[in-house]
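K.L.:
I am attaching a structure below and will ask some questions about it afterwards.
The values are calculated or read from the model by the stated rules, or taken from the named source; none is laboratory data. Treat the numbers as computed from the prediction; the structure is a model and nothing was measured. Ideal geometry is used to build each Cβ from the backbone, glycine not excepted, and the neighbour counts take in all protein chains shown. Each accessible area value is taken on the protein alone, full model and side chains, heavy atoms only, with ligands, DNA and RNA left out. Shrake-Rupley method; radii C 1.70, N 1.55, O 1.52, S 1.80 Å.
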Amino acid sequence: MNTAVEIENVTKRYGDVVALSSVSLAIEDNEFFTLLGPSGCGKTTLLRSIAGFEQLSQGDIKLFGDSIVDLPPNKRPVNTVFQHYALFPHLTVADNVGFGLQRQRLPSHEIASRVADILEMVQLGSYADRLPSMLSGGQQQRVALARALAPRPRLLLLDEPLSALDLKLRQDVRVELQQIQHDTGITFIFVTHDQEEALTMSDRIAVMSEGVLQQVGTPRQIYEAPDNRFVADFIGDTNLIDVQVTQVLDQCATCVLPGGASIACNNMAGASVGAGHLSVRPERVTLGPVDGSALQGEVSRLTYLGTDIHVTVALSDGGKMDVRVQNSDSAAIPQPGSTIGLYLDIAAARLLVD
Amino acid sequence: MAQIGSSARSSVKGGTFAGLGPLLMLPSWVVIGFFLVLPVILMLVYSFLTKEFRGGVIWEFSVNAYDQFFFNRGLFGDEAPTIEWTYINIFWRSIWQAGLATVLCLFIGFPTAWFIATRSGHSKSMWLFLITIPYWVNLLIRTISLKFLIRDTGPMNTWLMSWGIIDQPIHIINSNLAVQLGLFYSYLPFMVLPIYASVERYDFSLSEAAADLYSTRMETLRQIIIPVVKPGIIAGCILVFVPSLGAFLAPDLLGGSKTFMIGSLIEEQFKGNAGNWPFGAAVSMILLSLVLIALMFYARSQSSARKATRAAD
Ligand SMILES: Nc1ncnc2c1ncn2[C@@H]1O[C@H](COP(=O)(O)OP(=O)(O)O)[C@@H](O)[C@H]1O
Ligand SMILES: [Mg+2]
């Protein structure tokens, strides 16, 4: 596989604010790649640096092997779907979509046929002569997508393109976007702060926090094998248990839980003797009798979620654990106030250092 | 449901304001009637009266004023009428002068407005304030100061010569250029402020989107920025062009006899003993009609453009 984008040691400062701190990243050709992180972590800044709207303080960005940092935005074979679409209000849908093609000086019959094709693809064929202001949010979003796809860029950047849509529409567009990425073979860099969006759509995800790259991996790696507490906590729900690592031998760590029980853990992101953190997903904890359990506590709260019941257990040492019980197994649903034992799925529990 | 809701709302509104409506409109009707409709009617009536020597009118219907504007009947008024070019030429020259002043205002005003609109909050209001400061001074005084600045022995020429940039004074005073400079100086804020308001609302991500789609800076300016801020540009042009057309201070003080403009022509008719009130009123009416026709054409082109895009709906 070819590398589409190489981000090498990129740093971006705004005065004292460090928006990006030594970010290095390689994105493969034909990949649906997602930048995920909370608001303000530098996702937009990284995307704008690739598009050419920001000057890097340090580092290099290569597109298919060639450095592009010295090229102005209009010379980069990269197109962007802007967060608020930035459609040209005085141009019709067709002229918006054809804008890039016109600037590339394509013959007008070719522009017309390509615009028609791409509007067909995003199901806006009958809206070609409308102004953007006459379209709904979802339609505007598709015009923005069509406009960015029309010049057939080698790389498409999408900055939270779904954030302005309502939930139902957002779910439809997710599928559509994946389909379009698959059909066109264009590399997508997709920015979102929504972890569910990232997990369902991406080939790979880069998790960012405060300008620092935290982890890069497939959705499954990110969810099941987080590298640190931030990633474990940001992606999905998790229980973080403070443990003491007493021994590390051959990729197997012995951890002492707060209640004094000791478990052996071999799923870890590096470990050393001392303080550690065990991340256990709520669906990887089961409830059972107190005797023989690793942790015990009192059921403090049940939350009904439809398919699942969310059980909050207050531990005897003051901490709490979240547990998910499937709604199909009514015998497993405890009574609030009852004392109960917690059983961890050790293979799925991940030991984290920081 | 929606209908019931809206009718209920409007009945509440009606109940509150039904009697007050016309009363609330009264002040604006008084202002428009007193300061707009009445003077224009007065002007229209006067333009069809007979002139009295030493100013004033005789209350007797006459089309002489209009006849004098358009036709030449010889020195004693007994020859076959030919077209009178004198006043038409003055009109033409005035339109030309006002047009050039407007273009000058646009070329200086647009970048100025752009600069101000792209400053951050505090310095923005400071720049706006600075732009309007000269307008606290009377127009007559400002025009005379400009005359001082640009005359042959004025500071501009003295400094340019003392710095060795020129060795002869640049002769500007009493030329068309001086009049245009005067008009430019008089009406620049009328160009800057509406464009500023448009640029202020301009979404700069549109420029980024254009650059992202391979536009050079010039293409972005021509294809995106100018069309989007066009309402402000047109408002500015109208606000500069219309008063420039009727201006008389700048042409009187800065121009020579060859730069005579409509404003001066009208002013002359109402000043001193040489005046001709009906003729002055007629020239004003012709000027007013021209401006109204031009604005009507503009409004029609706008609404038909809007209709065209709505037809596509
Ligand atoms: N033009 C700018 N000037 C100053 N600070 C900025 C600018 N743009 C972004 N920042 C700062 O950089 C950080 C990252 O911003 P951004 O990339 O927009 O985050 P995200 O898209 O992940 O929400 C934020 O702290 C933000 O305040
Ligand atoms: Mg952002």
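K.L.:
Please verify whether segment A:158-181 includes one or more residues that are open to solvent by 20 Å² or more (accessible area, probe 1.4 Å), more than 13 Å from every other protein chain (Cβ to nearest Cβ), of a type in the set (Ser, Thr, Tyr) and within 16 Å of ligand 1 (Cβ to nearest atom).
P.N.:
The answer is yes; a qualifying residue exists.
K.L.:
Now, a different point. Would you confirm, using the coordinates I've provided, whether A:SER39 is away from ligand 2 (no atom under 16 Å from the Cβ), small (Gly, Ala, Ser) and surrounded by fewer than 18 Cβ atoms within 10 Å (Cβ to Cβ)?
P.N.:
No; evaluated as a whole, the condition is false for this residue.
K.L.:
Within the set of pairs 6 or more residues apart or between chains, which connect a residue that is within 15 Å of A:VAL17 (Cβ to Cβ) inside segment A:45-60 to a residue that is part of a loop (DSSP other than H, G, I, E, B) and more than 12 Å from ligand 2 (Cβ to nearest atom) with Cβ atoms less than 7 Å apart?
P.N.:
A:THR45/A:GLU54; A:ARG48/A:GLU54; A:SER49/A:LEU56; A:LEU56/A:VAL69
K.L.:
Among A:GLY318, A:GLY292, A:GLY337, which is the only one that is in a loop (DSSP other than H, G, I, E, B) and farther than 29 Å from A:ALA253 by Cα?
P.N.:
Step by step, each of A:GLY318, A:GLY292, A:GLY337 is checked, and only A:GLY337 is in a loop (DSSP other than H, G, I, E, B) and farther than 29 Å from A:ALA253 by Cα.
K.L.:
Scan (1) surrounded by fewer than 18 Cβ atoms within 10 Å (Cβ to Cβ); (2) under 13 Å from the mean Cα position of the chain (by Cα) for the single condition A:LEU213 breaks and write down its number.
P.N.:
The single condition A:LEU213 does not satisfy is (1).
K.L.:
Specify which of the listed residues (B:THR86, B:THR143, B:THR158, B:THR153) is in contact (Cβ under 8 Å) with a residue 40 or more places away in the chain and either surrounded by fewer than 17 Cβ atoms within 10 Å (Cβ to Cβ) or under 21 Å from the mean Cα position of the chain (by Cα) (or both).
P.N.:
Just one listed residue meets the conditions, B:THR143.
K.L.:
In the list A:ALA332, A:ALA294, A:ALA314, A:ALA275, which residue meets the criterion of being within 30 Å of A:GLY217 (Cβ to Cβ), open to solvent by less than 60 Å² (accessible area, probe 1.4 Å), in contact with a strand residue (DSSP E or B) (Cβ under 9 Å, 6 or more places away or on another chain) and small (Gly, Ala, Ser)?
P.N.:
Sole residue among the options that is within 30 Å of A:GLY217 (Cβ to Cβ), open to solvent by less than 60 Å² (accessible area, probe 1.4 Å), in contact with a strand residue (DSSP E or B) (Cβ under 9 Å, 6 or more places away or on another chain) and small (Gly, Ala, Ser): A:ALA294.
K.L.:
Which residues, taken from segment B:105-140, are crowded, with 16+ Cβ neighbours inside 10 Å and not hydrophobic (A, V, I, L, M, F, W, C)?
P.N.:
B:GLY109, B:THR112, B:LYS124
K.L.:
Now for a separate question. If you check A:ILE189 against the conditions, is it within 16 Å of ligand 1 (Cβ to nearest atom), under 25 Å from A:MET268 (Cα atoms) and modelled with pLDDT of 95 or more?
P.N.:
no
K.L.:
To continue, here is another question. Test B:ILE233 against the stated conditions and say whether it is in a helix (DSSP H, G or I), within 14 Å of chain A (Cβ to nearest Cβ) and under 16 Å from the mean Cα position of the chain (by Cα).
P.N.:
Yes.
K.L.:
Taking the criterion of being at pLDDT below 95, surrounded by fewer than 18 Cβ atoms within 10 Å (Cβ to Cβ), small (Gly, Ala, Ser) and within 16 Å of ligand 2 (Cβ to nearest atom), would at least one residue in segment A:10-27 satisfy it?
P.N.:
no
K.L.:
Here's a follow-up. Could you check how many residues of segment A:93-123 are assigned to a loop (DSSP other than H, G, I, E, B) and open to solvent by 30 Å² or more (accessible area, probe 1.4 Å)?
P.N.:
The qualifying residues number 5.
K.L.:
Would you confirm, using the coordinates I've provided, whether B:GLY109 is touching a Gly at 6+ places or on another chain (Cβ under 7 Å) and not in a strand (DSSP E or B)?
P.N.:
Answer is yes for this residue.
K.L.:
Sort through A:ASN30, A:ASN79, A:ASN74 and tell me the only one that's assigned to a helix (DSSP H, G or I) and either more than 16 Å from ligand 2 (Cβ to nearest atom) or more than 14 Å from every other protein chain (Cβ to nearest Cβ) (or both).
P.N.:
So the residue among A:ASN30, A:ASN79, A:ASN74 that is assigned to a helix (DSSP H, G or I) and either more than 16 Å from ligand 2 (Cβ to nearest atom) or more than 14 Å from every other protein chain (Cβ to nearest Cβ) (or both) is A:ASN74.
K.L.:
Can you name every residue in segment B:161-196 that is open to solvent by 40 Å² or more (accessible area, probe 1.4 Å), in contact (Cβ under 8 Å) with a residue 12 or more places away in the chain and assigned to a helix (DSSP H, G or I)?
P.N.:
Filtering segment B:161-196 for residues open to solvent by 40 Å² or more (accessible area, probe 1.4 Å) gives B:161-165, B:167-171, B:174, B:176-177, B:181, B:185, B:190, B:193.
This time we only want the ones that are in contact (Cβ under 8 Å) with a residue 12 or more places away in the chain, so: B:169-171, B:174, B:176, B:181, B:185, B:190, B:193.
Matches in segment B:161-196: B:ASN176, B:LEU181, B:TYR185, B:PHE190, B:LEU193.
K.L.:
Please go through (1) in contact with a helix residue (DSSP H, G or I) (Cβ under 7 Å, 6 or more places away or on another chain); (2) in a strand (DSSP E or B); (3) near ligand 1 (Cβ under 10 Å from one of its atoms) for A:VAL5 and return the number of the only condition it doesn't satisfy.
P.N.:
(3)
Quick grid of which residues meet (1) under 13 Å from the mean Cα position of the chain (by Cα); (2) within 16 Å of ligand 2 (Cβ to nearest atom):
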residue	(1), (2)
A:ARG154	no, no
A:GLU160	yes, yes
A:ASP166	no, no
A:GLY185	no, no
A:LEU199	yes, no
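K.L.:
Which condition number in (1) under 16 Å from A:GLU160 (Cα atoms); (2) touching a residue at least 40 places away in the same chain (Cβ under 8 Å) is the one that A:GLN171 fails?
P.N.:
It is condition (2) that A:GLN171 fails.
K.L.:
When segment B:105-158 is examined, which residues are found to be among the aliphatic types (A, V, I, L, M) and more than 17 Å from B:LEU181 (Cα to Cα)?
P.N.:
B:ALA113, B:ILE116, B:ALA117, B:MET126, B:LEU128, B:LEU130, B:ILE133, B:VAL137
K.L.:
Please verify whether A:ILE50 is more than 9 Å from chain B (Cβ to nearest Cβ), surrounded by 19 or more Cβ atoms within 10 Å (Cβ to Cβ) and within 16 Å of ligand 2 (Cβ to nearest atom), treating the condition exactly as stated.
P.N.:
So A:ILE50 passes the test.
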